[in-house]
1. Is it true that A:Leu546 is within 9 Å of another protein chain (Cβ to nearest Cβ) and part of a helix (DSSP H, G or I)?
2. Do we have any residue at all in region C:193-200 that's hydrophobic (A, V, I, L, M, F, W, C) and assigned to a helix (DSSP H, G or I)?
3. Given the criterion closer than 16 Å to A:Ser374 by Cα and not polar (S, T, N, Q), identify the matching residue among A:Leu439, A:Leu465.
4. State the number of residues belonging to region D:19-37 that are assigned to a helix (DSSP H, G or I), of a type outside the set (Val, Ile, Thr) and facing chain B (nearest Cβ under 10 Å).
5. Given the condition without any contact (Cβ under 8 Å) to a residue 60 or more places away in the chain, within 21 Å of D:Tyr31 (Cβ to Cβ), more than 10 Å from chain B (Cβ to nearest Cβ) and in contact with a helix residue (DSSP H, G or I) (Cβ under 8 Å, 6 or more places away or on another chain), answer yes or no: does some residue in region D:89-103 qualify?
6. Answer with yes or no whether D:Val92 is among the β-branched types (Val, Ile, Thr), in contact with a Lys or Arg (Cβ under 9 Å, 6 or more places away or on another chain) and assigned to a helix (DSSP H, G or I).
7. Being away from chain C (no Cβ under 13 Å) and closer than 15 Å to A:Leu278 by Cβ is the filter here, so list the residues in region A:217-242 that pass it.
8. Check whether at least one residue in region A:77-98 is more than 15 Å from A:Ser253 (Cα to Cα), out of contact with any Cys (no Cβ under 8 Å at 6 or more places or on another chain), among the polar types (S, T, N, Q) and part of a helix (DSSP H, G or I), and report yes or no.
Amino acid sequence: MHQYLYLIPALPLLGFLILSLAGKHLHKRVIAWIGAGTIGAAALITILLGIEFLQSPPASGAYTQLLWNWFSAGQLSVAVSITADALTLVFIFVITFVGALIHIYSTAFMRRDRDYARFFASMNLFVCSMLVLVMADNLVLLYLGWEGVGLCSYLLIGFWYETPANCHAANKAFYITRIGDTAMAIGLFLLFKELGSLHIATIIEQAPKHFEAGDTHITLIALLLLAGGIGKSAQLPLQTWLPDAMAGPSPVSALIHAATMVTAGVYLIARMHTLFQLSPVSMTVVAVIGALTLFIAGCSAMVQTDIKRILAYSTISQIGYMFLALGVGAWSAAIFHFFTHAFFKALLFLAAGAVIEALHHEHNIFKMGGLKNSMRVVFLTFLAGAASLAALPLVTAGFFSKDPILWYAWGAANGNPFLWILAIAGAFITAFYSTRLMLVVFWGERKTPVGDHPGKWMTVPLVILGIGSVAAGFIEWPHNLVHFTLFSEQVQKVLPAVVLKQNLPSELIFQGIAALVTFAGLYTGYVLYYSNKGILEGWRQSAALLAIRNFLLGGWGFDDLYHALFVQPFLFITRINKKDVFDRLYNGIAQANININRLLSLTQNGSLRWYIAGVLLGILFIITMQLL
Amino acid sequence: MPSFTVHTVLIVSAVLFVLGLIGVLTRKNVIFMLISVEIMLNAAGLAFVAAGAKWQQPDGQVMFLFILAMAAAEVSIGLALVLQIYHQHKTLDVENITALKDEAVDEMV
Amino acid sequence: MILVWLIAILLIGGTLCWLLAQWNKVFPKWIALCATVAGLVLMVWLCLQYKNSGDGAGSEWFINYRLSWIPAFGISFHLALDGLSLVLLLLTFFLGILSVLCSWNEIKEKHGFYFFNLLWTLAGICGVFVAMDLFLFYFFWEVMLVPMYFLISIWGDTNRRYASYKFFLFTQAGGLLMLLSILALYFIHAQQTGIYSFDYFDLLHTSPGASTAKWIMMGFLFAFMVKLPVVPFHSWLPDAHSEAPTAGSLILAGLLLKTGAYGIIRFVLTLFPQQAQAFGWWAMLLGAIGILYGAFLAFAQTDLKRLIAYTSVSHMGFVLLGIFAFNEIAMQGVIMQILTHGISTGALFVMAGMLKERLHTRDINQMGGLWTAMPFMGGAAMLFTMASLGLPMLGNFIAEFLILIGAFSASAALTVLATLGLIFSACYALRMMQKVFLGPATVTAPLKDMNVREWVMMSALTIGIIVLGLFPQPVIDMVKGVVGALVD
Amino acid sequence: MNLLFYISSFVAVAATILAITRFHPVHALLYLVVSFLAAAMIFLSLGTPFIAVLEVIVYAGAIIVLFIFVVMMLNLGKDTALQEKNWLRPKVWAGPCLLVLILLVEMIVLLLNAPDVTMHITVVDPRKVSLSLFGEYIIALELVGFLLMAGIVGAAHIGKQKKKILHRFLN
């Protein structure tokens, strides 16, 4: 199967080409088949490839295919070459499998849209770019995918381009991720200058020989790459674009802004783990950024009223967990959390999309309610997703992936109690807002009448994802419970195993605490939003609490800060210099000439006597010069 | 009476030239200005002849002949112009004949 | 001889256009089209020959044609072709065809004289790219200038007189300084060897004193930097680009600016290697400033063509940065940038011309939501906008990436500064896209999407930019010899 | 000969001063004739009789006659004199005179800087002049011929009485 590796990104690309060139003339049914079919085929190939990989792993640990030599100049030689090792396969699987489900969902979700073909073309291009990103065997090709997903994200956030707010959100997403990308590009330059190659395997091999641990250059490189990851993965301080990005259609949010693209930063750091390991400083930075982000975004998620914004902040927060895991060196735990998160968060977004559509594009959760019975399938799948998000112990995938992260936040060699406290606080918050979301949307009295119910093309993907949200965790158990660690076994062929501290307390204690905290969060949510709503009413009276709420609602004021700090000065400079100061300079020269001309033309006054006097003065001048 | 020198002759021609120049500069009527120009040309011719005499060569006189021809041409054209000016402007006052005055250039920037 | 024919086709074609226009108004455009197509066919044939002749690995001259012109002053009619010239000529004829096509319906008066000027400008550009005698080079330099002046001042927009004066004065000021430098070099060479010659290969071995050489180099460099243009000499460009007719903008952005880059590579670097190296840091600084400054200005503009013009300033900053980084990677990037910028910015100008034809305005505040009415044009615009901000897969990325990665080893700080330009390029590019094609539809008049002629043009450009983005290696190989010789 | 030179120089200067200060054109012209005749005497004293004769014939004769014709044609009489009288006040002539005097002084200073030589008067006869004129100066002579021709044509053309037609630039 591995000789068809190139088909995995090529099929979506083919879909994109057909849809973008001929999409206008095709029937919607054909478009749906091309759009979802190409991804489905890619998913099928991926699954077959995965089976082959598990049964008879390649000797080098990776399938590689050289497609063509892209360019080579001087020392720099870049090939369009794709590779798939265990890490990549996890990503490919999520991208194609979850992607195919989301595409199937979209065929029904977008059925009334005028630009059906454009939607699927962009989605297919996205899948292709994302696959190139994860399959690239060199950083330039990775960068190609990296920018490609950015473009598709831009196109899809602004899919309904006639609303200025959507375009604004799309631009914002592109600008902010572009800042990260630029930093990453600089990182690549530095890396090339130091190592003379951008081939990932070469870098991984050469870096430990070339750099000493803690070298300034390696730290710089790692931080620059990290900046790229931060931008793409919406981590502190470049997280502000993601909540606004919810302006796109729900499947877009599910695919791009939950399951795949936003985890590209995680992939990058995991892929370049050698560089990060060589630089303890950057590891610490990754962990701290992850911990802070998960906390800050979680707090914001608690008070949002827009269902998709809640999920957006939750995504930021969950990616924060992945960063935290990366930062403490728990590589496979991070990837595993990515894996499960893709399922439950995609599910939540798709279910939210179904709810929103049923309620006539209502986004405010407080205008929903009582959907428990009227939308049975959506309710059940949403429940599975939310439970997984809240990390309900033992029955959900979220628990299996999040619990090790909490454990390693303390227990790994790079771990630290402060990180753990933030993480555990995050777990509490997550459980709380998951409960809040469930209770407000599905319980209580009905506030908006339900419009059209989702059809089978929408519910089937929801159900499959729901099963995934529960079952995906079972391929990796905490060692102390059941010794079944299929996932980390595979991933650790690529990524190093986590190093633990000496003399740690038992892991079980931590698991117990985590479970308790989760239940505490659930209970708090239950009390505040179901059994005793009066408390909340009481809090609403307090001005200080309201101010805090608004502060959290606005995402900790980052938007305003950046607006004042960067956007305004930039706009100011461009506005005052619209006419180009240099132009003024040259026009000044021209004006000076005109003035001189005016001055000199005074002498040309038409009086013959003056002219003769002028001649005389000239003669006098010359003769006087002669005399002197 | 001492023999006159080159300087003396040239000073005489300089004085004549300068007088002509004064005439051109101060008079208002074109006719007077033309008269003064003739004086200046004559003075220049004198200087040429003096130089020729000093070297005892014919070149000075040749130059005088050229000046003479030029003066004749100049006077004929000049007087014809005077006639035209008089017919068109009804005056010979140079202060009133300022058609060569420059107009300001139009704004470009 | 074939080079002479290349130029002669354009010159004769132009003259015919003028002469035959009195018979029939349709003649000129067909003649012009035939002339440019014939040129392109010749060029493609030459390219194939070049490939067969041993992949151009050496720095040998592929064609070298020399004829005595004014022997008394040592002036010869000397044309020569190597990989670099070949690539540029290919671009010239490619964009030449497009410029003829995009003036197909735009020109409403004086057809004959218009196409005469168009073809003569192209001939001048061709001449500049192959002339190997400095006097001849200067001659062609002027030949491309004067018809361009007419193109702007006769067929331009409302403020055309101002723009054409400005264009002429700036270029001419630079050109005269270059002439002075050429003469200085000529006389110094004569003094040293006793042979009066304007020939490039003779002058190559002239060694004026260090400080003299510096000043002579400055003369050359000034002319080329004005043409490129480099901040602060860029001021002519926005006016000329925005006022010129579409084909004029296309040729200005796609080709005329490239003569500046070509001049620096061909003359400044080879005639004055040490001096150029000494000046390198400052030139890179100017390049980096240009990148940022152009981007800032582009962001502020409301006139579509002016906006695109400032993006050219920004992109040409990369060229300067790359040239003076003095290494092979960056130099390859520069040549790539020359090609891709010609295509991508040319395409944007063509697009602006199409919009102007439909909407009769260049003000982006009066546009908006055009995607709905014109999805194909919107898609093409998106593609070239993305090319302009350096999206991978498209040619500009290869160029900018090579330049930056090459320049990084020369000066990390300046390269970082220049790389920031990538962020600001996103700002102006997306703003343009948003103002023109996205947002609520504001234009109520029925708009037609692209017709066949426009479709052919845009797809040629699209294919060009994508092929350059995915398979740039043939171009890189073609100029490898030249670049290698330069960097050593 | 010396005396002749001094006297005629004196007369020439005096007549010229009078010529440029007269208000009435005819008076001025008459003094001008005297000035030219005096100049002719100077030429004679310099040993160039041919030039002296030409001076009398062309300057004092032809040119002055032309002037007088024009004065007569335009009937420039008392009005012109009055106009000039009102015009020529010290305020008008003092400045130019001062400048011109400076010029004179400078010229004289320049002259005196050069070594002085006594004139040895030998007559250079017309034959020698004409040999030179038709020898080395032949081209100049031809050019002068053109000039005179142009002068004649020009004078005939310009002098024609015509309606007031301004050049298109002056409209």
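1. no
2. no
3. Working: A:Leu465 fails: closer than 16 Å to A:Ser374 by Cα.
None of the others qualify; the one that does is A:Leu439.
4. Number satisfying all stated conditions: 8.
5. Checking region D:89-103: not a single residue is without any contact (Cβ under 8 Å) to a residue 60 or more places away in the chain, within 21 Å of D:Tyr31 (Cβ to Cβ), more than 10 Å from chain B (Cβ to nearest Cβ) and in contact with a helix residue (DSSP H, G or I) (Cβ under 8 Å, 6 or more places away or on another chain).
6. On the way: among the β-branched types (Val, Ile, Thr): yes; in contact with a Lys or Arg (Cβ under 9 Å, 6 or more places away or on another chain): yes; assigned to a helix (DSSP H, G or I): yes.
Spelling it out, D:Val92 is indeed among the β-branched types (Val, Ile, Thr), in contact with a Lys or Arg (Cβ under 9 Å, 6 or more places away or on another chain) and assigned to a helix (DSSP H, G or I).
7. Passing the criteria: A:Ile218, A:Thr219, A:Ala222, A:Leu223, A:Leu225, A:Leu226.
8. yes
The values are calculated or read from the model by the stated rules, or taken from the named source; none is laboratory data. Nothing here was measured: the structure is a model prediction, and the numbers come from that model. Cβ coordinates were reconstructed from backbone atoms using ideal geometry, including for glycine residues, and neighbour counts include every protein chain displayed.
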